[in-house]
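Undergrad: After the structure tokens below, expect a handful of questions from me.
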Amino acid sequence: MNLTLHVWRQSGPNQPGKLEQYDAKNVSPDQSFLEMLDEVNEELIKEGKDPIVFDHDCREGICGMCSQVINGVPHGGQERTTVCQLHMRNFNDGDTIYIEPWRALAFPIVKDLIVDRSGLEKIMQAGGYTSCHTGGVADGNAILVPKVDADYAMDAAECIGCGACVAACPNGSAMLYTSAKVAQLAALPQGKAEAAQRVCAMTDAMQEAGFGNCSNHYECQAACPKGINVKFIARLNREYQKSLFK
Amino acid sequence: MRILTSSVGRKILMSITGQLLILFILIHLIGNSTIFFGPNGINAYAEHLHSLPPLVWAFRLFMGAAIAVHICYGVMLTLENKAANPGAYAVKKNLKASFASENMIWTGLLVLAFIVYHLLQFTVHGTPDVVVGLDSANRPDVFRMVVTSFGNGLIALAYVFAMIMLFLHLSHGIPSFLQTMGWNNEKTIPAFGTGGKVISAVLMLAYISIPAVILAGLLKL
């Protein structure tokens, strides 16, 4: 199939950018979206032009590197799918596709479709850990974790940190990302000890990094390639209230 | 006081003040519905309500403070959120966000404008349509005042419009306050979403019924 692409091109941070039009010819329906872009880039290189710069790594849907807003939806709108796992069979011959970077104040554009997501790392550094003694190897199952709690924590831990929640949020908020880590650790005995200081430190870091506030649009959950549920934001809100009395 | 400055803390304050305002909306509706019992209903209710001025003023100040906190943080959070999202997408498709959730600030400010008008009209008696007088039992004739004002189609229409704004505001506000308080889980999230819309619609229709019944000529002087 043949497609018309409108891709955001920006030579560097703080440079003016604009959408440029490209033709993607003879696209196979079995290709992934990134493979389609690879072929467009090969043509651009042959023509002596700058290829489209985009983030990618594992191409298996688990690393959280790919980050493109396709036709107005982060990762392209197929449920629980990252861009690298989005296949061209979801498009039709003759389609026009708009490809843009994540857009939020906290995600400055580095080049073309690549944004600087270190704001998410700052949130993680502020409290996304548990403090423990190092030394000899601890006995397995020395601390018992009920199955329901383990499952709940694993659901929250599914977050791959891609930032689609921020890109989708009308407020540019990273509350879903932050809440996934707060809820995961607060649900486990190892994380409970620092739960109160964690929720405060992580939400403060979120604010300082320039992310907005959550106003419960739930756009984040709909765009999340891992289906992280907004129930974790409710959990974060509960953890925050508990911290007020400590 | 970190609750006054933090992202989640300010939302909790908005949620609590919002809950107080919803409670007021409920009580006010029950009080207003005494109009369906005729002059003896609403005039007796109004006289009873104002028989203890210190209590009336304490209540007014409390509600005024709740509204002030709700609006101040609402405006502050909206401005911060607008700044955090440059909104520069050439194409943006919403998957879940609704007209109501995206326009909370505007529906909220329109409801505020309505409250100012409503107080100016029926509390301060400062609008030209208001008829002030006493009934046969020497009580302030609230029934005559309301029925005369709502007999004007434009005034009734303004009230209907304000109640639609209130519906939009509450249809997102009710599920939102539950989420912000953390009283939510995977099962309750969709239920509260639907429940919020239903309760908001019932409140809107109940409030609209008063000008509608008067305009239809079913409640007469």
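Table: residues versus (1) modelled with pLDDT under 95; (2) crowded, with 21+ Cβ neighbours inside 10 Å; (3) within 12 Å of another protein chain (Cβ to nearest Cβ); (4) farther than 18 Å from B:Gly182 by Cβ.
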residue: A:Asp155; (1), (2), (3), (4): no, no, yes, no
residue: A:Ser173; (1), (2), (3), (4): no, yes, yes, no
residue: A:Ala180; (1), (2), (3), (4): no, yes, no, no
residue: A:Ile228; (1), (2), (3), (4): no, yes, yes, no
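Undergrad: Next question. List the residue pairs whose Cβ atoms are under 8 Å apart, where the first residue sits in region B:15-40 and is free of Cβ contacts under 8 Å to residues at least 24 places away in the same chain, the second is open to solvent by 50 Å² or more (accessible area, probe 1.4 Å) and assigned to a helix (DSSP H, G or I), and the two are 6 or more positions apart or on different chains.
TA: Cβ pairs passing all conditions: B:Gly31/B:Tyr45; B:Gly31/B:Leu49; B:Thr34/B:Tyr45.
Per-residue answers, yes or no, for (1) open to solvent by 20 Å² or more (accessible area, probe 1.4 Å); (2) over 26 Å from B:Ala201 (Cβ atoms); (3) within 14 Å of chain A (Cβ to nearest Cβ):
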site	(1), (2), (3)
B:Ser6	no, yes, yes
B:Thr17	no, no, no
B:Ser33	yes, no, no
B:Asn40	yes, yes, no
B:Tyr45	yes, no, no
B:Trp57	yes, yes, no
B:Arg60	yes, yes, no
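Undergrad: Also: I'm checking my understanding of the structure. Among residues of region B:136-182 that are among the hydroxyl-bearing types (Ser, Thr, Tyr) and more than 20 Å from B:Phe122 (Cβ to Cβ), which one is farthest from the other protein chains (Cβ to nearest Cβ)?
TA: So the residue we want is B:Ser136.
Undergrad: OK, next. Identify, by number, the condition in (1) in contact (Cβ under 8 Å) with a residue 12 or more places away in the chain; (2) closer than 20 Å to B:Arg10 by Cβ that A:Glu194 doesn't meet.
TA: Every condition holds for A:Glu194 apart from (2).
Undergrad: Would you call B:Ile22 surrounded by fewer than 18 Cβ atoms within 10 Å (Cβ to Cβ), among the β-branched types (Val, Ile, Thr) and within 14 Å of chain A (Cβ to nearest Cβ)?
TA: The answer is no for B:Ile22.
Undergrad: Name the one entry in A:Cys169, A:Cys162, A:Cys220 that is crowded, with 23+ Cβ neighbours inside 10 Å and more than 9 Å from chain B (Cβ to nearest Cβ).
TA: A:Cys162
Undergrad: In region B:126-149, what count of residues is obtained for those that are buried (at least 18 other Cβ atoms within 10 Å of the Cβ) and among the β-branched types (Val, Ile, Thr)?
TA: The qualifying residues number 3.
Undergrad: Can you say whether B:Tyr73 is within 14 Å of another protein chain (Cβ to nearest Cβ), of a type in the set (Phe, Trp, Tyr) and assigned to a helix (DSSP H, G or I), as far as the supplied structure shows?
TA: yes
Undergrad: So for region A:11-23 (the condition being in a loop (DSSP other than H, G, I, E, B) and under 28 Å from B:Leu95 (Cβ atoms)), does at least one residue qualify?
TA: The answer is no; no qualifying residue exists.
Undergrad: Filter region A:192-217 down to residues that are in contact with a Phe, Trp or Tyr (Cβ under 9 Å, 6 or more places away or on another chain) and away from chain B (no Cβ under 12 Å) and give me whichever is farthest from B:Met76 (Cα to Cα).
TA: Among those that are in contact with a Phe, Trp or Tyr (Cβ under 9 Å, 6 or more places away or on another chain) and away from chain B (no Cβ under 12 Å), it is A:Glu194.
Undergrad: Identify the residue in region A:230-246 that is within 25 Å of B:Lys96 (Cα to Cα) and not charged (D, E, K, R) and, among all such residues, is farthest from the other protein chains (Cβ to nearest Cβ).
TA: Here the answer is A:Phe232.
Undergrad: Looking only at residues that are among the acidic types (Asp, Glu) and surrounded by 14 or more Cβ atoms within 10 Å (Cβ to Cβ) in region A:38-55, which one is nearest to the chain's Cα centre (by Cα)?
TA: A:Asp55
The values are calculated or read from the model by the stated rules, or taken from the named source; none is laboratory data. Computed from a predicted model, the values in this text were never measured in an experiment. Quick reminder, even Gly has a Cβ in these numbers, built from the backbone with ideal geometry, and neighbours come from all protein chains shown. For the accessible areas, the whole protein counts, side chains as well, though only heavy atoms, and no ligand, DNA or RNA atoms are used. Shrake-Rupley method; radii C 1.70, N 1.55, O 1.52, S 1.80 Å.
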